[in-house]
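Q: This is the structure I want to talk about, given as C-alpha coordinates.
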Amino acid sequence: LPNSLAALQLKLRSDSEKNQLNAIDALNALGEDGLPVLMEFLLERRDTPGRTEAKVYQTLFNTQATKVLDFLQQHFPTGIVPLKSERNIDYTELQKLLVEQKFQAADKLTIEKLCELAGESAVLRKWLYFTEVENFPISDLQTIDALWLAHSDYQYGFSVQRQIWLSVGKKWDKLWDKIGWKSGYNWTRYPDGFTWSLAAPKGHLPLSNQLRGVRVIAALFAHPAWTK
Ligand code: UYC
(Lines give C-alpha, C1' and ligand atoms only; values in the text may rest on other atoms or scores of the structure.)
Protein backbone atom coordinates (compact mmCIF):
# COMPACT_ATOMS: atom_id res chain seq x y z
CA LEU A 1 0.00 0.00 0.00
CA PRO A 2 2.15 2.91 -1.25
CA ASN A 3 -0.14 5.52 0.20
CA SER A 4 -0.49 4.05 3.65
CA LEU A 5 0.25 6.32 6.57
CA ALA A 6 3.42 4.41 7.47
CA ALA A 7 4.75 4.66 3.93
CA LEU A 8 4.11 8.41 3.88
CA GLN A 9 5.73 8.77 7.29
CA LEU A 10 8.89 7.23 5.82
CA LYS A 11 8.66 9.23 2.61
CA LEU A 12 8.54 12.42 4.70
CA ARG A 13 11.92 11.42 6.17
CA SER A 14 13.47 10.18 2.93
CA ASP A 15 16.66 11.65 1.46
CA SER A 16 14.92 13.20 -1.51
CA GLU A 17 13.47 16.66 -0.91
CA LYS A 18 11.05 16.11 -3.76
CA ASN A 19 9.68 12.99 -2.09
CA GLN A 20 9.45 14.82 1.22
CA LEU A 21 7.44 17.66 -0.34
CA ASN A 22 5.12 15.22 -2.11
CA ALA A 23 4.55 13.32 1.14
CA ILE A 24 3.39 16.55 2.82
CA ASP A 25 0.65 17.04 0.22
CA ALA A 26 -0.41 13.39 0.45
CA LEU A 27 -0.55 13.49 4.25
CA ASN A 28 -2.49 16.75 4.17
CA ALA A 29 -4.96 15.18 1.73
CA LEU A 30 -5.61 12.41 4.29
CA GLY A 31 -6.89 15.08 6.70
CA GLU A 32 -7.46 13.99 10.32
CA ASP A 33 -5.17 10.95 9.92
CA GLY A 34 -2.31 12.75 8.23
CA LEU A 35 -2.05 15.84 10.42
CA PRO A 36 -0.61 14.14 13.57
CA VAL A 37 2.17 12.72 11.38
CA LEU A 38 3.01 16.22 10.17
CA MET A 39 2.90 17.64 13.71
CA GLU A 40 5.20 14.92 15.05
CA PHE A 41 7.65 15.55 12.20
CA LEU A 42 7.72 19.28 12.91
CA LEU A 43 8.60 18.71 16.59
CA GLU A 44 11.36 16.33 15.59
CA ARG A 45 12.86 18.88 13.17
CA ARG A 46 12.20 22.04 15.15
CA ASP A 47 15.91 22.93 15.40
CA THR A 48 16.70 22.40 11.70
CA PRO A 49 14.06 24.31 9.79
CA GLY A 50 14.53 24.06 6.00
CA ARG A 51 12.24 23.92 3.02
CA THR A 52 10.44 20.72 4.08
CA GLU A 53 9.85 21.92 7.64
CA ALA A 54 8.60 25.26 6.35
CA LYS A 55 6.14 23.57 4.03
CA VAL A 56 4.90 21.37 6.89
CA TYR A 57 4.43 24.47 9.04
CA GLN A 58 2.55 26.37 6.32
CA THR A 59 0.44 23.32 5.44
CA LEU A 60 -0.54 22.86 9.08
CA PHE A 61 -1.36 26.56 9.46
CA ASN A 62 -3.50 26.49 6.32
CA THR A 63 -5.78 23.78 7.79
CA GLN A 64 -7.00 26.41 10.30
CA ALA A 65 -8.06 23.48 12.52
CA THR A 66 -8.26 24.58 16.17
CA LYS A 67 -6.19 21.65 17.44
CA VAL A 68 -3.48 22.28 14.89
CA LEU A 69 -3.38 26.03 15.53
CA ASP A 70 -3.12 25.37 19.29
CA PHE A 71 -0.21 23.03 18.60
CA LEU A 72 1.59 25.62 16.46
CA GLN A 73 0.95 28.35 19.02
CA GLN A 74 2.30 26.17 21.85
CA HIS A 75 5.42 24.84 20.15
CA PHE A 76 6.20 27.53 17.58
CA PRO A 77 4.89 30.80 19.07
CA THR A 78 7.05 32.90 16.74
CA GLY A 79 6.81 30.58 13.73
CA ILE A 80 9.19 28.18 12.02
CA VAL A 81 11.95 30.71 11.20
CA PRO A 82 14.22 31.91 14.04
CA LEU A 83 13.67 35.69 14.15
CA LYS A 84 17.33 36.64 14.57
CA SER A 85 18.28 40.31 14.50
CA GLU A 86 21.59 42.00 15.18
CA ARG A 87 19.81 45.34 15.58
CA ASN A 88 17.07 44.26 17.95
CA ILE A 89 14.41 44.51 15.27
CA ASP A 90 11.15 42.67 15.85
CA TYR A 91 10.09 40.51 12.90
CA THR A 92 7.01 38.90 14.50
CA GLU A 93 4.53 41.05 12.56
CA LEU A 94 6.25 40.17 9.27
CA GLN A 95 6.09 36.49 10.23
CA LYS A 96 2.37 36.83 10.98
CA LEU A 97 1.52 38.53 7.69
CA LEU A 98 3.51 35.99 5.68
CA VAL A 99 2.07 32.91 7.36
CA GLU A 100 -1.39 34.39 6.72
CA GLN A 101 -0.31 34.89 3.08
CA LYS A 102 -1.07 38.61 3.24
CA PHE A 103 1.61 39.33 0.68
CA GLN A 104 0.85 42.97 -0.07
CA ALA A 105 0.99 44.01 3.58
CA ALA A 106 4.07 41.81 4.10
CA ASP A 107 5.78 43.47 1.14
CA LYS A 108 5.09 46.94 2.52
CA LEU A 109 6.32 45.90 5.96
CA THR A 110 9.49 44.43 4.42
CA ILE A 111 10.37 47.83 2.95
CA GLU A 112 9.66 49.43 6.34
CA LYS A 113 11.84 46.88 8.15
CA LEU A 114 14.71 47.54 5.74
CA CYS A 115 14.38 51.27 6.47
CA GLU A 116 14.35 50.49 10.20
CA LEU A 117 17.51 48.46 9.68
CA ALA A 118 19.12 51.43 7.91
CA GLY A 119 18.30 53.81 10.74
CA GLU A 120 16.18 56.79 11.72
CA SER A 121 16.88 58.93 8.67
CA ALA A 122 15.82 56.11 6.31
CA VAL A 123 12.64 55.54 8.33
CA LEU A 124 11.73 59.21 7.82
CA ARG A 125 12.83 59.19 4.15
CA LYS A 126 10.90 55.90 3.48
CA TRP A 127 13.49 54.66 1.00
CA LEU A 128 17.07 53.41 1.08
CA TYR A 129 20.48 54.58 -0.02
CA PHE A 130 22.61 51.77 -1.43
CA THR A 131 25.36 52.70 1.04
CA GLU A 132 22.94 51.85 3.87
CA VAL A 133 22.24 48.43 2.35
CA GLU A 134 25.95 47.62 2.31
CA ASN A 135 25.99 48.06 6.08
CA PHE A 136 23.01 45.80 6.80
CA PRO A 137 23.82 42.94 9.18
CA ILE A 138 23.87 39.48 7.62
CA SER A 139 21.53 37.95 10.19
CA ASP A 140 18.68 40.40 9.60
CA LEU A 141 18.71 40.01 5.81
CA GLN A 142 18.82 36.25 6.25
CA THR A 143 15.84 36.37 8.64
CA ILE A 144 13.74 38.45 6.24
CA ASP A 145 14.70 36.20 3.34
CA ALA A 146 14.04 32.99 5.31
CA LEU A 147 10.55 34.27 6.20
CA TRP A 148 9.69 34.96 2.55
CA LEU A 149 11.09 31.59 1.48
CA ALA A 150 9.34 29.64 4.23
CA HIS A 151 5.90 31.07 3.53
CA SER A 152 6.03 30.99 -0.27
CA ASP A 153 7.16 27.41 -0.86
CA TYR A 154 10.60 28.90 -1.66
CA GLN A 155 9.21 31.00 -4.55
CA TYR A 156 9.82 34.47 -3.08
CA GLY A 157 12.71 36.24 -1.39
CA PHE A 158 15.78 38.32 -2.24
CA SER A 159 17.92 35.19 -2.54
CA VAL A 160 15.53 33.77 -5.16
CA GLN A 161 15.66 37.04 -7.12
CA ARG A 162 19.45 37.08 -6.87
CA GLN A 163 19.69 33.51 -8.18
CA ILE A 164 17.55 34.43 -11.20
CA TRP A 165 19.63 37.59 -11.77
CA LEU A 166 22.80 35.47 -11.80
CA SER A 167 21.13 32.96 -14.16
CA VAL A 168 20.41 35.73 -16.71
CA GLY A 169 24.00 37.02 -16.64
CA LYS A 170 23.16 39.95 -14.31
CA LYS A 171 21.04 41.57 -17.03
CA TRP A 172 18.47 43.75 -15.26
CA ASP A 173 15.93 43.84 -18.08
CA LYS A 174 15.95 40.07 -18.30
CA LEU A 175 15.40 39.86 -14.55
CA TRP A 176 12.47 42.34 -14.60
CA ASP A 177 10.86 40.32 -17.37
CA LYS A 178 11.35 36.97 -15.62
CA ILE A 179 9.94 38.13 -12.28
CA GLY A 180 7.02 40.03 -13.80
CA TRP A 181 8.21 43.55 -13.00
CA LYS A 182 8.26 44.68 -16.63
CA SER A 183 6.58 43.49 -19.78
CA GLY A 184 8.32 44.68 -22.93
CA TYR A 185 8.74 48.42 -22.39
CA ASN A 186 6.05 48.61 -19.71
CA TRP A 187 6.82 48.70 -16.02
CA THR A 188 4.34 46.83 -13.86
CA ARG A 189 2.24 49.41 -11.98
CA TYR A 190 2.43 49.58 -8.19
CA PRO A 191 0.38 48.25 -6.46
CA ASP A 192 -2.38 46.86 -8.68
CA GLY A 193 -0.22 45.46 -11.49
CA PHE A 194 1.59 43.12 -9.13
CA THR A 195 0.31 39.70 -8.07
CA TRP A 196 -0.23 39.46 -4.31
CA SER A 197 -0.47 35.69 -4.11
CA LEU A 198 1.63 32.60 -4.90
CA ALA A 199 0.33 32.67 -8.49
CA ALA A 200 3.09 35.02 -9.69
CA PRO A 201 6.37 33.95 -11.32
CA LYS A 202 9.22 32.85 -9.07
CA GLY A 203 10.99 35.88 -7.57
CA HIS A 204 8.04 38.28 -8.05
CA LEU A 205 8.18 39.37 -4.39
CA PRO A 206 9.36 41.21 -2.36
CA LEU A 207 9.37 44.38 -4.46
CA SER A 208 11.94 47.09 -4.57
CA ASN A 209 11.05 50.31 -6.29
CA GLN A 210 13.33 51.01 -9.28
CA LEU A 211 12.33 54.67 -9.56
CA ARG A 212 15.75 55.76 -8.24
CA GLY A 213 17.75 53.20 -10.19
CA VAL A 214 19.21 49.76 -9.61
CA ARG A 215 21.88 50.60 -7.06
CA VAL A 216 19.82 49.55 -4.03
CA ILE A 217 18.82 46.16 -5.44
CA ALA A 218 22.39 45.68 -6.75
CA ALA A 219 23.69 46.32 -3.22
CA LEU A 220 21.16 43.81 -1.87
CA PHE A 221 22.32 41.15 -4.32
CA ALA A 222 26.00 41.89 -3.57
CA HIS A 223 25.46 41.52 0.18
CA PRO A 224 27.47 38.78 1.96
CA ALA A 225 24.19 37.45 3.44
CA TRP A 226 23.71 35.26 0.36
CA THR A 227 27.19 33.76 0.22
CA LYS A 228 27.84 33.20 3.94
N1 UYC B 1 7.30 49.82 -8.94
O2 UYC B 1 7.23 50.02 -11.25
N3 UYC B 1 6.71 53.69 -8.03
C4 UYC B 1 6.46 52.05 -5.51
C5 UYC B 1 7.82 48.92 -8.09
C6 UYC B 1 9.49 51.93 -10.89
C7 UYC B 1 6.73 54.68 -8.90
C8 UYC B 1 6.47 51.32 -4.29
C9 UYC B 1 8.46 47.87 -8.83
C10 UYC B 1 9.35 52.39 -12.34
C11 UYC B 1 6.21 55.86 -8.29
C12 UYC B 1 6.96 50.07 -4.62
C13 UYC B 1 8.30 48.21 -10.14
C14 UYC B 1 8.39 53.49 -12.16
C15 UYC B 1 5.91 55.53 -6.97
C16 UYC B 1 7.22 50.06 -5.99
C17 UYC B 1 7.56 49.45 -10.20
C18 UYC B 1 8.05 53.61 -10.77
C19 UYC B 1 6.23 54.14 -6.83
C20 UYC B 1 6.01 51.82 -2.94
C21 UYC B 1 8.78 47.49 -11.34
C22 UYC B 1 7.86 54.30 -13.19
C23 UYC B 1 5.33 56.43 -5.90
C24 UYC B 1 7.17 52.04 -2.02
C25 UYC B 1 10.25 47.60 -11.46
C26 UYC B 1 8.14 54.09 -14.63
C27 UYC B 1 6.32 56.69 -4.78
C28 UYC B 1 7.98 53.22 -2.46
C29 UYC B 1 7.45 57.62 -5.16
C30 UYC B 1 6.08 53.40 -5.64
C31 UYC B 1 7.74 48.95 -6.69
C32 UYC B 1 7.18 54.58 -10.27
C33 UYC B 1 7.17 48.91 -3.68
C34 UYC B 1 9.13 46.66 -8.28
C35 UYC B 1 10.70 52.79 -12.83
C36 UYC B 1 6.02 57.20 -8.96
N37 UYC B 1 6.89 51.27 -6.53
N38 UYC B 1 8.73 52.67 -10.08
O39 UYC B 1 9.17 53.02 -2.71
O40 UYC B 1 8.61 57.32 -4.77
O41 UYC B 1 7.41 54.30 -2.57
O42 UYC B 1 7.20 58.64 -5.79
O43 UYC B 1 10.22 51.03 -10.55
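Q: Would you please give the residues with an amide H less than 5 Å from that of residue 182, counting only those at least 5 places away or on a separate chain, with H modeled from the backbone geometry?
A: 177, 188
Q: OK, next. Do me a favour and compute the ellipsoid semi-axes for the chain from its Cα gyration tensor, root of five times each eigenvalue, largest one first, whole Å.
A: Working through the eigenvalues yields semi-axes of 33, 20, 16 Å.
Q: If you keep only loop residues by DSSP, which chymotrypsin sites (Phe, Trp or Tyr not before Pro) in the range 108-209 have at most 11 other Cβ atoms within 10 Å of their Cβ? Numbers along the way, then the final one.
A: Working: sites: 127, 129, 130, 148, 154, 156, 158, 165, 172, 176, 181, 185, 187, 194, 196; in loops: 127, 129, 154, 156, 181, 185, 194, 196.
Of the chymotrypsin sites (Phe, Trp or Tyr not before Pro), the ones in loops of the range 108-209 whose Cβ has at most 11 other Cβ atoms within 10 Å are 185.
Q: A further question follows. How far is helix 103-118 tilted, in degrees, relative to the longest principal axis of the Cα atoms in the chain, given as a value from 0 to 90 rounded to the nearest 10?
A: 60 degrees
Q: Also, I was wondering about something else. Nearest 10 degrees, 0 to 90: what angle lies between the long axis of helix 138-150 and the longest principal axis of the chain (Cα atoms)?
A: 50 degrees
Q: Could I ask something else about it? Taking the convex hull of the alpha carbon atoms in the range 106-160, what volume per residue do you get, in Å³?
A: 72 Å³
Q: Continuing with this model, one more query. As a check on your grasp of the helix formula, calculate [θ] at 222 nm for the chain: sum -39500 (n - 2.57) over DSSP H runs of n ≥ 4, divide by the residue count, round to the nearest 500.
A: -16000 deg cm²/dmol
Q: Among 96/170; 96/126; 11/228, which pairs are too far apart, with a Cα-Cα distance over 24 Å?
A: Correct reply: 96/170; 11/228.
Q: Then there is this: Got a number for the accessible area of residue 52? Probe 1.4 Å, square angstrom, nearest 10.
A: In the full protein context, residue 52 sits at about 0 Å².
Q: Helix 158-167: angle to the longest alpha-carbon principal axis of the chain, degrees 0 to 90, nearest 10?
A: Helix 158-167 sits roughly 70 degrees off the main axis of the chain.
Q: Take the alpha carbon gyration tensor of the range 111-228, find the square roots of its eigenvalues, order them as a ≥ b ≥ c, and report rounded if a/c is under 1.5; if not, report prolate when a/b exceeds b/c, else oblate.
A: In terms of gyration-tensor shape, rounded.
The values are calculated or read from the model by the stated rules, or taken from the named source; none is laboratory data. Predicted model only: the values in this text are computed from it and were never measured. Cβ: placed from backbone, ideal geometry, glycine included. Neighbour counts: every protein chain shown. Ligands, DNA and RNA are excluded from the accessible area calculation, which covers all protein heavy atoms including side chains. Shrake-Rupley method; radii C 1.70, N 1.55, O 1.52, S 1.80 Å.
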